[in-house]
Amino acid sequence: MNLQDTIDKERLPNHVAIIMDGNGRWAKKQGFLRTFGHEKGTESVKEAIKSCIELGIKNLTLYAFSTENWNRPKLEVDTLMTLLVKSLKKELATLEENKIRLNTIGNFEKLPTTVQKELGSVIERTKNNDKMTLTLALSYGSREEIVSAVKSISDKVKNNIISIDSIDDSIINEHLYTHNLPDVDLLIRTSGEHRISNFLLWQIAYAELYFTDILWPDFKKNNLFEAIISYQKRERRFGKTSEQIK
C-alpha cells in the first residue's frame, strides 16, 4: 500500500498553505548559484499542485515572494520574476485542463508590469474554474495586510459606513487579501526552519503546523502525503475538550 492509499479522503484539509523554503540552501549544497535553486523549486511547485488535485484538496496557497524578499540581490529578484512569468505562460494549459482557478494575494502594484499583466491574464482565463483555487502570495506580508485592513475599516467607520460596534471577525476577514478564501487548515514549512515568517498570521489561527527538514526542491509527492497523514492523526479541538468532540 502506498502513502496516498492511507489518506482518508473524507478528512482532507480544505486549505493547505506552504512556506516553500530552502531553494538557496539547496543550490549552495549542489555548488550552484541561488537562482538555480529557484528554478529547481518550480518542479516541486508543479508536483505539489498535481498531488493536491489528485487528493481533492480545494485550496492551496504558496508563499512565493514576500515583502521582505524585495531586499534580496537584484539578480535573484529579477530571476524570480522571470521564472514567474515563464511558469504562468507554460502552465496555463495545465490550470485550464485541471479546472484550477489562479488567485493572488499581496501588494500587486509593487510587482513589475510584465508580471502584473501575465498574472491578470491567467487570473481572467481561469476565473470560472472550480476544482481547486491556487493562490500565489506575491509581494505578500501578513502585517502589511492587517495594517491595510485596519486602515480600510477605520476609513469606513470615519465615514459612517460601518459602526465600531459592528466590527467582528467577519468584518476583518472581508478586508483581508484572503477575503475569498477559507481559513488555513494545514501550514507546511520546508527546510527545517520553525518560523511563520509573516505569512497568513490571521488566517492560521487554528491551523495545524507541519515542519520538515527537507529543502523545497527535494519536497516531493510523498512528503506532502506525509504532512497530510500527520494532520489527520491530530485531534482538532478548536477550544473544545476531547469529550465535547466525541
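The values are calculated or read from the model by the stated rules, or taken from the named source; none is laboratory data. What you see is a predicted model, and the numbers here were worked out from it, not measured in a lab. Reconstructed Cβ throughout: ideal geometry from the backbone, glycine too, with neighbour counts over all protein chains shown. The accessibility values were calculated without ligands, DNA or RNA, using every heavy atom of the protein model including side chains. Shrake-Rupley method; radii C 1.70, N 1.55, O 1.52, S 1.80 Å.
Numerical summary
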| quantity | calculated |
| --- | --- |
| Members of segment 58-90 found to be among the charged types (D, E, K, R) and crowded, with 20+ Cβ neighbours inside 10 Å, listed by number | none |
| Enumerated strands (runs of 3 or more DSSP E) restricted to segment 118-236, each holding at least 2 residues that are among the hydroxyl-bearing types (Ser, Thr, Tyr) | 132-140 |
| Matching residues in segment 137-149 - criterion: being open to solvent by less than 20 Å² (accessible area, probe 1.4 Å) and at negative phi | 137, 138, 140, 141, 142, 145, 149 |
| Contacts under 7 angstrom Cβ, first residue in segment 96-120 being more than 19 Å from residue 178 (Cβ to Cβ), partner open to solvent by less than 30 Å² (accessible area, probe 1.4 Å) and not in a helix (DSSP H, G or I), 6 or more apart | 99/129 |
| Condition check for residue 44: crowded, with 21+ Cβ neighbours inside 10 Å, among the hydroxyl-bearing types (Ser, Thr, Tyr) and not in a loop (DSSP other than H, G, I, E, B) | yes |
| Matching residues in segment 97-126 - criterion: being open to solvent by 60 Å² or more (accessible area, probe 1.4 Å) and either under 18 Å from the mean Cα position of the chain (by Cα) or over 23 Å from residue 200 (Cα atoms) (or both) | 97, 99, 108, 113, 114, 117, 124, 125 |
| Hey, residue 189 of a type in the set (Lys, Arg), surrounded by 19 or more Cβ atoms within 10 Å (Cβ to Cβ), within 23 Å of residue 18 (Cα to Cα) and touching a strand residue (DSSP E or B) at 6+ places or on another chain (Cβ under 9 Å) or not | yes |
